[in-house]
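S.K.: One structure follows; several queries about it will come next.
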Amino acid sequence: MSTHEITYSELRLPLVDGGKSPADVTEDVCRPLEGKPGGLWWLAFLVAASVLTLGAAAVTYLCMTGIGVWGLNRTVGWGFDITNFVFWIGIGHAGTLISAVLFLFRQRWRTAVNRSAEAMTIFAVMCAGTFPLIHMGRPWLAFFVLPYPNSRGPLWINFRSALCWDVFAISTYFLISIGFWYVGLIPDLATLRDRTTSRWKRALFGFFSLGWDGAMRTWHRYETVYLLLAGLATPLVFSVHTIVSFDFATSVIPGWHTTIFPPYFVAGAIFSGLAMVLTLMLIARKTMRLESYITRRHVGAMCKLIIAMGGVVGTAYATEFFIAWYSGNEYEQFTFVNRAFGPYYWAYWTMVSCNVLVPQLFWFKKIRENLLVVWILSLFINVGMWFERFVIIVTSLHRDFLPSSWSYYTPTKIEIATLLGSFGLFFTLFLLFCRFLPVIAMGEIKGVLGYGRNKKGGTP
């Protein structure tokens, strides 16, 4: 074979379809931001804002009345509130994984989904942060958990409390994530600055683009800072949910005090976050006409990551049962048998079905290439991961050491409305992000346009 002959098997598939040029990328990504939003966007926004209003009303009523409006009782002191908190923290992990970890490993396919995943991280952390505040009962006294100079003498927060660790972990993760997201936005903000005809938009984009001029020295400094932030954010992916798992692992409740919780929670967080990224990006791909940038190859790569993380989560489920049996601790054994066959058996088997069985379908290429089926399966995984947190929290509490204390937890309408309100907040913020900021990193996409092309510029 001559040096100019090449077979398709020797080529890598392109990351961007349609033979796009850099000008095409700019036009395709900026076009939805420059026109008026369509009717579908307004419909989605009104629905999300209405659900957010419902949640805000429920939280307002809760603050005025007290947490007695929840279904908590003497035995089950944690219910929907902490379940939702851990769920949203988990959702916020995939953004940093895709952006930081895959960037450090030089995985170029991340360029089409990293911007939206980073935004999803920030919005999910904001949703998560509301639940510990609500759980305090008096959210206006939340500043008590901060180690600020005060006049109370030696009275400080309890630094040995895992809930205190949550405050520092979440706030640190939020600040690093929003900084990482903003730095990645700077080149695209400069592009919007140069394209807009609105004076106030030009001033706003010009301020936040920090005088970006596109010079080689500017790009060099940008890439250096981005690399440093990626290296800083990567440990946070593993540390934040590890600290969240300490809320349970440092206790003495059967089913909680286990050393498997830190890696188990981290894997579960990445697992649920990947499913949420797929859920959102498949919708954005269709409604914003981004099929050339979010290709089936991207969806396939995400599905393969879900298979890997789902395997870890399933192994953790089996390990918990094995250790409970191997330990010989009758209380531990009772807890896990009660999870599977007790009053909440329906929640446990929903969790197992959605988190262990559903991801196995992604082994089949035909399923990975059917985007509607992928979207439906990602919804099932999101449901399963919420039930995982519910099972861990409620089933470990509702059967106390004393049978006389046994109880059953049922959420109230206020709790359900608060859960729906958190989803309303998340989708409202995400829709506003899609409307006013580029959902795809134009600068990074332009850097991979030649990926998978042969020497003559053709694509396989």
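S.K.: Just one of the numbered conditions (1) touching a helix residue (DSSP H, G or I) at 6+ places or on another chain (Cβ under 6 Å); (2) among the aromatic types (Phe, Trp, Tyr); (3) open to solvent by less than 60 Å² (accessible area, probe 1.4 Å) is not true of residue 222; which one?
M.R.: Every listed condition holds for residue 222 apart from (1).
S.K.: Report those helices (runs of 4 or more DSSP H) wholly inside the range 343-418 carrying at least 1 residues which are of a type in the set (Asp, Glu), open to solvent by 10 Å² or more (accessible area, probe 1.4 Å) and touching a residue at least 12 places away in the same chain (Cβ under 8 Å).
M.R.: 365-369
S.K.: Now a separate question. For the range 209-228, name all the residues that are assigned to a helix (DSSP H, G or I) and farther than 26 Å from residue 105 by Cβ.
M.R.: 217
S.K.: Would you check which residues across the range 226-264 are hydrophobic (A, V, I, L, M, F, W, C), open to solvent by 10 Å² or more (accessible area, probe 1.4 Å) and under 21 Å from residue 176 (Cα atoms) and list them?
M.R.: Matches in the range 226-264: 227, 228, 229, 232, 236, 238, 243.
S.K.: Within the range 326-350, count every residue that is more than 22 Å from residue 268 (Cβ to Cβ) and either among the aromatic types (Phe, Trp, Tyr) or in contact with a Leu (Cβ under 9 Å, 6 or more places away or on another chain) (or both).
M.R.: 4
S.K.: To continue, here is another question. For the structure I just gave you, tell me whether residue 426 is of a type in the set (Phe, Trp, Tyr), within 24 Å of residue 124 (Cα to Cα) and in a helix (DSSP H, G or I).
M.R.: Spelling it out, residue 426 is indeed of a type in the set (Phe, Trp, Tyr), within 24 Å of residue 124 (Cα to Cα) and in a helix (DSSP H, G or I).
S.K.: Identify all residues within the range 78-104 that are closer than 30 Å to residue 223 by Cβ and surrounded by fewer than 23 Cβ atoms within 10 Å (Cβ to Cβ); write none if there are none.
M.R.: Once the filter is applied, which keeps residues that are closer than 30 Å to residue 223 by Cβ and surrounded by fewer than 23 Cβ atoms within 10 Å (Cβ to Cβ), the range 78-104 yields 101, 102, 104.
S.K.: Considering the range 97-146 alone, what residues qualify as being farther than 30 Å from residue 14 by Cα and outside any helix (DSSP H, G or I)?
M.R.: 136, 137, 138, 146
S.K.: As an exercise: evaluate residue 330 against (1) in contact with an Asp or Glu (Cβ under 7 Å, 6 or more places away or on another chain); (2) open to solvent by 10 Å² or more (accessible area, probe 1.4 Å) and give the number of the one condition it does not meet.
M.R.: Here residue 330 meets the rest and fails (1).
S.K.: Shifting gears a bit: Against the condition at pLDDT 90 or above and either buried (at least 22 other Cβ atoms within 10 Å of the Cβ) or out of contact with any His (no Cβ under 7 Å at 6 or more places or on another chain) (or both), how does residue 457 come out, does it pass?
M.R.: So residue 457 does not fit the description; no.
S.K.: Give me the residue from the range 419-432 that is among the hydrophobic types (A, V, I, L, M, F, W, C) and farther than 22 Å from residue 288 by Cβ and, out of that set, least open to solvent (accessible area, probe 1.4 Å).
M.R.: Here the answer is 419.
S.K.: For the subset of the range 147-202 comprising residues that are in a helix (DSSP H, G or I), more than 25 Å from residue 124 (Cβ to Cβ) and free of Cβ contacts under 8 Å to residues at least 12 places away in the same chain, which member is least open to solvent (accessible area, probe 1.4 Å)?
M.R.: So, considering only residues that are in a helix (DSSP H, G or I), more than 25 Å from residue 124 (Cβ to Cβ) and free of Cβ contacts under 8 Å to residues at least 12 places away in the same chain, the one least open to solvent (accessible area, probe 1.4 Å) is 201.
S.K.: Before we move on, is residue 279 exposed (fewer than 13 other Cβ atoms within 10 Å of the Cβ), polar (S, T, N, Q), in a helix (DSSP H, G or I) and modelled with pLDDT of 85 or more?
M.R.: Against the criterion (exposed (fewer than 13 other Cβ atoms within 10 Å of the Cβ), polar (S, T, N, Q), in a helix (DSSP H, G or I) and modelled with pLDDT of 85 or more), residue 279 does not qualify.
S.K.: Which of the residues belonging to the range 285-304 are over 18 Å from residue 370 (Cβ atoms) and either open to solvent by 10 Å² or more (accessible area, probe 1.4 Å) or at pLDDT 90 or above (or both)?
M.R.: Residues satisfying the conditions are 287, 288, 289, 292.
The values are calculated or read from the model by the stated rules, or taken from the named source; none is laboratory data. Quick caveat, the model's predicted, so the values are computed rather than measured. Every residue, glycine as well, gets a Cβ built from its backbone with ideal geometry; the counts of neighbours run over all protein chains shown. Surface accessibility is based on the protein's heavy atoms, side chains included, excluding ligands, DNA and RNA. Shrake-Rupley method; radii C 1.70, N 1.55, O 1.52, S 1.80 Å.
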